[in-house]
Each structure stands twice: as C-alpha cells, then as structure tokens.
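Please read the structure below before turning to the comments.
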C-alpha cells in the first residue's frame, strides 16, 4: 500500500542508518583514542578495574622515583666511605711507622693530619640534594621502597620503607690518634661500608622488581581497555560501506512518495 502519511520504508532505512552511525562513531572514537573502554558507560566493570590499576601504576612510579633517590644518596655515601677507608689504611700505616725509632714523627704526623682533614672534607662533600649520611650534621634517611594496594577499607594499604643509617665519618676521623685507634676506626668504617653495600643491593633489587611490576600492571590495563586496532580498522571499513548503503536506501525510500504523483497524471 502506498501512503503519503506513513513511509514505512523510509522509517526502516532511517533506523538502520542511525544505528550504523552510532556504531561508526564508537569505532572512530576507539581508533582515535586507542581504547575500547574510555568511560564507565563503555564497560563499568573494566573501567573501574582499569582506574584502580592506573592509580596503582602511578603510585609505583612514585616508589620507583623514591628508590632512585635513595640509591643516589647511597652511592654518594658509599663512594665517600670507600675513599675514606683507603685514607684510613694510609693513616694506620703511618702511625705504625711512627713506632720505629729514628723516624721523623713530626713529618709523619703532618701527613696524618692532612689525611684526616681530607677524610673530613670527603665526609662533608658526600652530599646528594642536601642528604648526607657521612657528615656530623647528617641524619638517617627514610626511603619508600614499596606500596601494597589496599582493599578500599581504611588502613588496608601498606607503605614499605628502608632507613638509610647515617655514619658520622667526620667524628670517626677525629678519633684516630695512634695505630690502635686507627685500626678500630678502620673496622668501624668497613662495617658501615658493608651496611651501605647491603642496602644498595636491596634497593637495586627493589628497583628491578618495581619496574617489572609497573610494566605488568600497565599490560594488565591494556588487556582490559586497549582497542584491537586491526579489528577496529576492519570494522570501520565495513561500517562506512553500511553507512553509504543506508544513505542510498533512505534516498530511495524518500523518493518513492514522488512516484505517487504518476498515479494522478492523465
């Protein structure tokens, strides 16, 4: 039945074209953003999970930066302490030489004084951005080494830290007055260097783990929200063809009412 009031074919074609345009807009948005889940309305469950995982990745990035800062402080302190141990060995040998009769003790003492002064300068210079573990004015440094995500309840999150213990190298250098105290200072420095070395190994291990964990979390987010660009590209081509056909079908349906005029021509 031909009708001027109701064009069922045009209505059907319009509905089909509208549906195709909506799908095309979704596909174009996915291609433009590279993500198939951009907001909660796309997939509420995946969106919620991805937001939490992205937040975790950002926090782990802060942890990674903190570990890097801690490693730099340790490197400065360890470098200074390693050099101080070498100087202490020289001081120890000179104190021992002073025990030999006939040696120029004044000259040896002058050398020792210079070596002690050098150690104290090293201690004061072993500074990284205002943090110094070897100076008399130095203090312990707390480094954030890990973050354990909570379950959404108060107090469920956990922050892991490592305390970098200060060692007063300046004061230690001043204690060396003979071979015995020099040896004691050397043992103390070796112990402090061993502690710094152990903390350095721990931070390096934690840095490696944190970097891998960030990569794993980012991959997990990608699995949930990233668009398959190959599939979306193929879908885009198909939808563009459907859109063209829909426009043509609507045009044909709209022109059908014009054919009614031929029925009234004499």
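Bear in mind these aren't lab numbers, they're just calculated from the coordinates by the rules spelled out. These figures come from a predicted structure and were not determined experimentally. Glycine also receives a Cβ, built like all others from the backbone with ideal geometry; neighbour counts cover every protein chain displayed.
A compact table of results
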read-out	value
Pairwise centroid distance, computed over Cα atoms, of the range 117-190 with the range 68-115, Å	19
Ascending count of other beta-carbon atoms within 10 Å, so fewest first, for 36, 219	219, 36
Cα-based helix-to-principal-axis angle, 8-33 vs the chain, degrees rounded to 10	10
Directionally averaged shadow of the range 48-103, computed from the convex hull of its alpha-carbon atoms, nm²	4.4
Cα-based helix-to-principal-axis angle, 105-125 vs the chain, degrees rounded to 10	20
Rh (Kirkwood; distinct C-alpha pairs) - the range 72-136, Å	12.8
Modelled FRET efficiency - R0 41 Å, residue 31 with residue 202, Cβ distances, 0.05 increments	0.35
Inverse mean reciprocal Cα-Cα distance (Kirkwood Rh) of the range 55-226, Å	18.4
Residue order, fewest to most surrounding Cβ atoms within 10 angstrom, among 98, 11, 53	11, 98, 53
Packing-based exposure ordering (other Cβ within 10 Å, fewest first) of 170, 111	111, 170
Cβ-Cβ FRET estimate between residue 245 and residue 39, R0 fixed at 35 Å, reported to 0.05	0.70
The range 55-226 - percent relative contact order, Cα under 8 Å, separation 6 or more	30
FRET efficiency estimate (nearest 0.05) - Cβ-Cβ, residue 18 to residue 212, R0 35 angstrom	0.15
